[in-house]
1. Give the number of residues within segment 375-405 that are within 19 Å of LYS416 (Cβ to Cβ) and out of contact with any Lys or Arg (no Cβ under 8 Å at 6 or more places or on another chain).
2. Within segment 190-201, which residues are among the small types (Gly, Ala, Ser) and open to solvent by 40 Å² or more (accessible area, probe 1.4 Å)?
3. Step by step: first the residues of segment 43-56, then only those that are assigned to a helix (DSSP H, G or I) and either charged (D, E, K, R) or surrounded by fewer than 19 Cβ atoms within 10 Å (Cβ to Cβ) (or both), then the one that is farthest from the chain's Cα centre (by Cα). Which residue is that?
4. Tell me, which residue of segment 2-35 that is in a loop (DSSP other than H, G, I, E, B) and touching a residue at least 40 places away in the same chain (Cβ under 8 Å) is surrounded by the most Cβ atoms within 10 Å (Cβ to Cβ)?
5. Tell me which residues, restricted to segment 372-393, are open to solvent by less than 40 Å² (accessible area, probe 1.4 Å), assigned to a loop (DSSP other than H, G, I, E, B) and either among the hydrophobic types (A, V, I, L, M, F, W, C) or under 28 Å from LEU294 (Cα atoms) (or both).
6. Just the residues that are under 14 Å from ALA23 (Cα atoms) and either at pLDDT below 95 or surrounded by fewer than 21 Cβ atoms within 10 Å (Cβ to Cβ) (or both), please, taken from segment 57-69.
7. When segment 167-186 is examined, which residues are found to be in contact with a Ser or Thr (Cβ under 7 Å, 6 or more places away or on another chain) and outside any helix (DSSP H, G or I)?
Amino acid sequence: MTERERHLLIVLAAASFECVLIAVTYRLWLGGSDFPAVPLIGWSFSNVTRRILGISLIGSCGATVVMSCRKWMQLRQSTRATQGIQMLDTRSALTGGLPLGVRLAAISAAVFALLCAIANQHCLQAWHWLFLIVMSFAAALNARAFLASIALVLASVYLCSGLSRITLSSQPNATEMIVQSLMKFILPAQVAGDLRWISIFSIAATCGEIFAGILLLSRRTQRMGLVMAVLMHLSLMLALGPLGLNHHWGVILWNAFFLCLMPLAFLRKPQASGMRLTEAWPGLCLLAFSLSGLVGIADNWPSWQLYSSRPETWELWLETSTADQLPPTLKPYLSTGTITGDWAVLKLDRWSLAATGAPIYPEDRFLCAVIEDVIRPMKQPVFRVLIDEPELAWWKRRTRELNSVEGLEQERQRAKQRTLRD
């Protein structure tokens, strides 16, 4: 398969899965949710505007799918009919990019993808961020530079995801839940329920993911890293699917996307010349950006902190009289918990999944804005916000508490200033 074909197929796969993932989270994109929409840079967008942007994104993705599929089939026919196509392909890979129609569709998709995220940062799901990267690179780079940069971006997914799971906390985490689910398929019940073995296999899984990311960085070891990555995604689909933890379909589709994308990006013929900095610099920039998330510069999901306990968590606890002021649509998400007395916690993550079909965006400024939106209509609210967040050394954590509207406002301003500084 030629580089131009891989270029087109990766664009086709990214646009196709974007359409499917938007379909399973359609309320997030079409403005049909009661979950707060928090703009990324402070400009407020109406519900109608966000719906128009969502529809435009879907249309652009559809156009990208159609155009890239058509051009790929034409290229396949040309490859069969023309002798010496390899020499032509090498020349075009070095000097040319996508056909004009596909490039225009990709540019349009990238623009509307960015506008949707600006209008509501909840749209900046990890899969949407990867789609935005693929479309931007596809529109701007030739085939060889595109493949070199995408390879680095994909390697950073495993490297950063694994590094972000390093923790000293003894609290249960997503990695342990996934590992335990897998252990139930292959090990006796007494072993699968043993906390010591769960901890050992979780550490092994984290180290394996980091190692896979490192292997994918080098052309000499990419195939070994590819095998590890494919096995990891198959395991995740088993653990998180209907036979396991029965997670939302978006998670399953995200892993299916990688099963399609990874072979296209890494099953390539060896080249006489190695990767050049002039070809791969966009991917290197994205790799550095992703690693910066470990020290709190980049946001958690754009820095690939997936299935990770590193992102900050905010819990909104409401005193009983305050909880009674909640609208009926939110009361199903109230639950009792660790705080004794007349207190109940509002499960923001459950509300997000039920209202939008998407997990909540795990960033302090977003969580603060959502909580402010809940508290704002209440009269003399009595609440506590318990914050658990990473320190600069991300494997260590600290906890703190807010219990006033003024405290929330100060926290919002602090998060805003930090975002502008970063």
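The values are calculated or read from the model by the stated rules, or taken from the named source; none is laboratory data. These figures come from a predicted structure and were not determined experimentally. Glycine also receives a Cβ, built like all others from the backbone with ideal geometry; neighbour counts cover every protein chain displayed. The area values use the complete protein model at the heavy-atom level, side chains included, leaving out ligands, DNA and RNA. Shrake-Rupley method; radii C 1.70, N 1.55, O 1.52, S 1.80 Å.
1. As a first pass, look at segment 375-405 and keep what is within 19 Å of LYS416 (Cβ to Cβ): 375-376, 385, 387, 389, 400, 402, 404-405.
Imposing the further condition that a residue be out of contact with any Lys or Arg (no Cβ under 8 Å at 6 or more places or on another chain) reduces the set to 375-376, 385, 400, 404-405.
So the count comes out to 6.
2. Step one: of segment 190-201, the residues among the small types (Gly, Ala, Ser) are 192-193, 199.
The answer is GLY193, SER199.
3. Filtering segment 43-56 down to residues assigned to a helix (DSSP H, G or I) leaves 47-56.
If we keep only those that are either charged (D, E, K, R) or surrounded by fewer than 19 Cβ atoms within 10 Å (Cβ to Cβ) (or both) too, we end up with 47-52, 55-56.
Values: ASN47: 24, VAL48: 26, THR49: 24, ARG50: 20, ARG51: 22, ILE52: 23, ILE55: 21, SER56: 21 Å.
The residue in question is VAL48.
4. To start, the set of residues in segment 2-35 that are in a loop (DSSP other than H, G, I, E, B) comprises 2, 25, 30-35.
Checking the rest, the ones that are also touching a residue at least 40 places away in the same chain (Cβ under 8 Å) come to 2, 25, 33-35.
Values: THR2: 19, THR25: 24, SER33: 22, ASP34: 12, PHE35: 20.
Checking each candidate, the answer is THR25.
5. Of the residues in segment 372-393, the ones open to solvent by less than 40 Å² (accessible area, probe 1.4 Å) are 372, 374-375, 378, 381, 383, 385, 387, 389-390, 393.
Imposing the further condition that a residue be assigned to a loop (DSSP other than H, G, I, E, B) reduces the set to 378, 381, 393.
If the condition is that a residue be open to solvent by less than 40 Å² (accessible area, probe 1.4 Å), assigned to a loop (DSSP other than H, G, I, E, B) and either among the hydrophobic types (A, V, I, L, M, F, W, C) or under 28 Å from LEU294 (Cα atoms) (or both), then MET378, ALA393 are the ones that fit.
6. If the condition is that a residue be under 14 Å from ALA23 (Cα atoms) and either at pLDDT below 95 or surrounded by fewer than 21 Cβ atoms within 10 Å (Cβ to Cβ) (or both), then ILE58, GLY59, GLY62 are the ones that fit.
7. Kept after step one, since they are in contact with a Ser or Thr (Cβ under 7 Å, 6 or more places away or on another chain), are these residues of segment 167-186: 167, 169, 173-176, 179, 182.
Result: THR167, SER169, ASN173.
A quick yes/no check of all residues on (1) within 28 Å of LYS416 (Cβ to Cβ); (2) open to solvent by 20 Å² or more (accessible area, probe 1.4 Å):
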residue	(1), (2)
SER308	yes, yes
THR313	yes, yes
LEU318	yes, no
GLN325	yes, yes
PRO328	no, yes
PRO332	no, yes
GLY341	no, yes
LEU346	yes, no
ALA358	yes, no
